[in-house]
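Contents: one structure, followed by commentary.
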Amino acid sequence: MNQSFWNKAAGLLLLGALAMPAHAQVQDASTNYNNGKILLQQQRYDLAMAELLPLTGSNSPYAPEASYFYALSALKNNKPDEAYQMLLQLQNQHPNWRGMADADYLLANVLFEQGDYERALSKLQELKGSALASDAEGLKRFYLNSLNDKATFERLVQRYQDDKTVAQVYADKLIGGWYRPQDRQRLENLVARHNLDRSRYLNPNVLRGQEYNVALLLPFQLNQDLQQTARKSQFVTDMYAGMKLAQDSLQKQGIDINLFTYDTSADTMSLKRVLDMTELKQMSLLIGPIYKSTAKVASRFAAQHNINVINPLSQDLDVAEGNSNVFLFESSVATQAKQAAAYAYQNFSPKTAVIVYEDTKDDTNFANLYRQHFEKLGGKVRIFSKIKSSETTATATAFRGLNLENAGHMAVFSDKMTAAVNTTSLLQGKARTLPLVTYDKWLDINQISLRQLDDLEVFFISPKYVNKLNPLNDWFRKQYISQYNLPPSIYAYAGFEMLYYFGTMLKNHGPQFNQQLAQSGSRLGVFYPGMSYTDSNNKSEVHPDNQYVPITKLENLQLTVVNPVL
């Protein structure tokens, strides 16, 4: 909803622009009315509606004002239908109320929220020449900018041929990515009819179609209470912020990427409604959704319309199974285990392993995948032992009983403090030089110092590793902090890397870049040490997930990638 509108509504409340009638009132009614306004200011919308509703009857001297503030509370409470019904009642019962212009403005906002753009625009036309005319134009522009259905917009342009704002926003969307050669005549007519800037809207460089539209299907949770969702959705906000910086960087290189955001949750029906929008079929690339249930819906859409989809967070290969149009930005769990086992086999001797893993589904799965690939390469697993770190005494006994003789390396798949402490204690006492393969989450376990890990031969599986010593990192941090007043998180780096990588692919190969992913081989990222959708054994095969998994090691307390892209 338009922020300037809410600022204006708050001003009406504070200044008393919609004052109550001057004649004497019943005390209870007066109390309800004032309570309702206070609760509205406090954003306690349900309670405000409950206080105001009894006053909205036609016989109440507070009825017009109470009806208006009830509708305002309902709209801010994400109940536009209730707001609409109350505003109709206000119009019917009090047509001569002196605040009717404000009610018309609010009704237009409600109609926009309901998706009834035609009636909303008609209602705003009634405010021409009034004190609210400027506010009406701002409200109109706000909602038109959020309309991403080209067919619907074309109907509005036809219906409101004399409305310059409608024409200009549509023209902005055309040059922003909607433009197709068949739109040329319509665009020229709009520029001529409304005296728009020809150098902007008929620029040959823009109309050649060198821009790419990317839809972001992410859980922004815009319809939820900000205080409740801010922390839960922070990773999405960070990712989007990183993408915006990548968008700017690509633009400076002549790669124009238009980002269209769609708020999608784990609700499959909600996602289906988004995917049914006409403009989604015209996108060059989809990023998201992130949830497995909705990812399957997006996968079917990708196959049906031959549009590539990038899942930004999933490490589950099932998301992309059987669909050559779906890719994971991250390395899957299977790939992480495979590449870690391959590194161990190639670099540690003898080719024997001691594997310890936590009694959880994820750790057991990782250990099994690691073992399978290590043995497939020709390695031997001497010990394959399950532990339960919650049973501290049994866990300590299990580690003390491990026989490390003739082991080429040890692998421990658990992020529990108990497992990490027992492992480091064992190696410090019996085998300080024995290579250990484990998760990089160990770097965040406070009970073990970085010096302890540095003194041992510990190799970390680090799928989200970002090279903070990269000179470009200083630039990124400064840019990010200057715009968002926060240091970038791993999700901000991921958002940047993702859009930069696939934006470059769009520029170099167009939307159907699938086969080129294999041919491009392994390459350095901007902050990531590598990206690859193929492997050295079969460079013609495209993998659905990033095949490069950084393996890191502490050297003088600094993480170093030991398997760099060559």
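Taken together, the residues in the range 266-276 that are in contact (Cβ under 8 Å) with a residue 40 or more places away in the chain and either surrounded by fewer than 18 Cβ atoms within 10 Å (Cβ to Cβ) or at positive phi (or both) amount to 1. Selection within the range 421-451: residues that are of a type in the set (S, T, Y) and open to solvent by 10 Å² or more (accessible area, probe 1.4 Å). The member of this set that is nearest to the chain's Cα centre (by Cα) is Y439.
Can you work out which of the residues in the range 342-376 that are farther than 30 Å from G495 by Cβ and small (G, A, S) is surrounded by the most Cβ atoms within 10 Å (Cβ to Cβ)?
Residue satisfying both the conditions and the ranking: A353.
Only one entry in K79, K164, K140, K128 is of a type outside the set (G, A, S) and closer than 24 Å to A50 by Cα, namely K79. Within the range 403-420, the set of residues being of a type outside the set (K, R), touching a Ser or Thr at 6+ places or on another chain (Cβ under 8 Å) and open to solvent by 20 Å² or more (accessible area, probe 1.4 Å) comprises N406, M417, T418. With respect to being free of Cβ contacts under 8 Å to residues at least 12 places away in the same chain, small (G, A, S) and either out of contact with any helix residue (DSSP H, G or I) (no Cβ under 6 Å at 6 or more places or on another chain) or on the phi > 0 side of the Ramachandran plot (or both), G322 fits the description. Where helices (runs of 4 or more DSSP H) sit wholly within the range 204-310, those with at least 2 residues that are out of contact with any Lys or Arg (no Cβ under 8 Å at 6 or more places or on another chain) and at pLDDT 90 or above occupy 234-252, 268-275, 292-305. Condition first: of a type in the set (A, V, I, L, M, F, W, C) and under 10 Å from A411 (Cα atoms). Now tell me which residues in the range 350-377 satisfy that. A353, V354, I355, V356, A367, listed by residue number.
The C-beta contact set for the range 108-121 (first residue within 13 Å of L88 (Cβ to Cβ), second residue in a loop (DSSP other than H, G, I, E, B), distance under 9 angstrom, 6+ apart or interchain) comprises V110/D116.
Scanning the range 166-192 for residues that are more than 30 Å from the chain's Cα centre (by Cα) and either at pLDDT below 90 or open to solvent by less than 20 Å² (accessible area, probe 1.4 Å) (or both) turns up A167, P181, Q182, D183, R184, L187, L190, V191.
Does the range 519-527 contain any residue that is closer than 19 Å to Q336 by Cβ, without any contact (Cβ under 8 Å) to a residue 60 or more places away in the chain and not in a strand (DSSP E or B)? Yes, the range 519-527 has at least one match. In the set (1) modelled with pLDDT of 75 or more; (2) open to solvent by less than 40 Å² (accessible area, probe 1.4 Å), N195 fails one condition alone, (2). A search for C-beta distances below 7 Å between a residue of the range 464-489 that is under 24 Å from Q336 (Cα atoms) and open to solvent by less than 90 Å² (accessible area, probe 1.4 Å) and any residue that is of a type in the set (F, W, Y) and not in a helix (DSSP H, G or I), counting only pairs 6+ apart in sequence or on different chains, returns V466/F527; V466/Y528; N467/F527; N470/F527. The set of residues in the range 53-89 being over 20 Å from Q43 (Cβ atoms) and of a type in the set (K, R) is empty.
Which one is nearest to N514 (Cα to Cα), of the residues in the range 316-341 that are open to solvent by 30 Å² or more (accessible area, probe 1.4 Å) and out of contact with any strand residue (DSSP E or B) (no Cβ under 9 Å at 6 or more places or on another chain)?
Taking the range 316-341 and keeping what is open to solvent by 30 Å² or more (accessible area, probe 1.4 Å), we get 316-318, 321-322, 324, 333-334, 338-339.
Filter again for out of contact with any strand residue (DSSP E or B) (no Cβ under 9 Å at 6 or more places or on another chain), leaving 318, 321-322, 324, 333-334, 338.
Values: D318: 19, E321: 15, G322: 14, S324: 8, V333: 22, A334: 21, K338: 23 Å.
Filtering first and then ranking leaves S324.
Show the residue pairs that are 6+ apart or on different chains and have beta-carbon atoms under 8 Å apart, the first residue being within the range 500-515 and without any contact (Cβ under 8 Å) to a residue 12 or more places away in the chain, the second being part of a helix (DSSP H, G or I) and open to solvent by 30 Å² or more (accessible area, probe 1.4 Å). Matching pairs, first to second residue: N508/Q516; H509/Q516.
The values are calculated or read from the model by the stated rules, or taken from the named source; none is laboratory data. The structure displayed is predicted, hence computed values, not measured ones. All Cβ positions, even for glycine, are placed from backbone atoms using ideal geometry, and neighbour counts span all protein chains on display. For the accessible areas, the whole protein counts, side chains as well, though only heavy atoms, and no ligand, DNA or RNA atoms are used. Shrake-Rupley method; radii C 1.70, N 1.55, O 1.52, S 1.80 Å.
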